[in-house]
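Got a structure for you, written out below as structure tokens; questions coming shortly.
The values are calculated or read from the model by the stated rules, or taken from the named source; none is laboratory data. Keep in mind that this is a model prediction, so the values were computed, not measured. Neighbour counts are summed over all protein chains in view; Cβ atoms, including those assigned to glycine, are modelled from backbone coordinates with ideal geometry. Accessible surface is based on the protein model in full, side chains and every heavy atom, while ligands, DNA and RNA are left aside. Shrake-Rupley method; radii C 1.70, N 1.55, O 1.52, S 1.80 Å.
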Amino acid sequence: EVQGQQKQQLITFLVENSGSLLGILPIDVAELYDETGMQAFDEVDGLATDVECDPLNIKDCDYRKLLEQFVITVASVADTTNTRMSVWWYGGTNPAETRALTRQGEANDHFDVDLSVAQSLVRNMPVPGGRNGAGNIYQAISRVLERDLSLEKYQDAEKFLFVVTDGANEVYDPVYTREYVAQELLKHNVHL
């Protein structure tokens, strides 16, 4: 408690929204195919994380339903008087492809006091494609830390970052490494 009040909580959801969820190859991999591989941007049997997912009806995909249920569950146990929430998605090969769904027009601080917004934001995420085919986990976590969780005004808050991914980091970056991310999480007291 801080001066008789509960410590502020920050909850951030960082959700992979890459083509691998639907079995779509990353564009840089697909470009390696010759004329016989022109179907590279179509679903590739056996590669999709959500094998039954219909890209034309993505809101009914299992991974979207499970994700919605997860954010509802987290929001239902959070104290609405002292909790703020942000929702982000990531995919692609550079940090700029990590995008906030909450308070999109803001350069920094994408936290919202309305915890119920997360469900509809997750449900209405864009359909992943070949352009954002790779999972840039370390870049994405770093961007969320820079734009939200490391802001000075939240230095005393209790911070939780939930990262939803379908695999390991797929983008090499000499700056945003596993070690760098671990250091930044510790530096800003973020629970991952």
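Within the accessible area of segment 57-115, what % is carbon and sulfur when the probe is 1.4 Å and the other protein chains stay in place?
50
Find out how many positive minus negative residues lie around Tyr154, taking Lys and Arg as positive, Asp and Glu as negative, among other residues whose Cβ is under 10 Å from that of Tyr154.
-2
A further question on this structure: Provide the three semi-axes, in whole Å and in decreasing order, of the ellipsoid equivalent to segment 79-135 as defined by the square roots of 5 times the Cα gyration tensor eigenvalues.
Equivalent-ellipsoid dimensions as semi-axes: 24, 13, 8 Å.
Also, quick follow-up: Quick one: pull the percentage of alpha-carbon pairs in segment 54-192 with a separation above 20 Å.
Roughly 48 percent, rounded to a whole number.
Per residue, how many Å² of accessible area does segment 141-180 show with a 1.4 Å probe?
58
Per residue, how much space in cubic angstrom lies within the convex hull of the C-alpha atoms of segment 120-185?
121
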